[in-house]
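The values are calculated or read from the model by the stated rules, or taken from the named source; none is laboratory data. All of these numbers come straight from a predicted model, not from anything done at the bench. Backbone-built Cβ (ideal geometry, glycine too); neighbour counts: all protein chains shown.
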Amino acid sequence: MKKIIRLTESDLARIVRKTLKEDKDKNPLYNNIKDLLFNSYESAESKVFMLRQIADELESDMKLRRDVSTRWSKERS
């Protein structure tokens, strides 16, 4: 038998924040970036440069995924 549980808005917000935090901790890219920022002896300029490279790579990956998705959907039509 199913039970109905009532949540307040703050309960729901707390659950969402906790879930997002758990997902971040399991993400290897997030952990690598966190290690780079907090455990590295690199200069601030070097860290910024590396983060910009990561951001550029992520952006190009997103464009590639969008392009493949667009082509795939056109082929199916």
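Odds and ends about this structure:
- Taken over region 38-77, the criterion of being small (Gly, Ala, Ser), modelled with pLDDT under 80 and in a helix (DSSP H, G or I) is satisfied by Ser73 alone.
- Out of Leu7, Leu20, Leu36, one residue alone is out of contact with any strand residue (DSSP E or B) (no Cβ under 9 Å at 6 or more places or on another chain) and in contact (Cβ under 8 Å) with a residue 12 or more places away in the chain. It is Leu36.
- Residues of region 20-46 that are surrounded by 10 or more Cβ atoms within 10 Å (Cβ to Cβ) and hydroxyl-bearing (Ser, Thr, Tyr): Tyr30, Ser40, Ser46.
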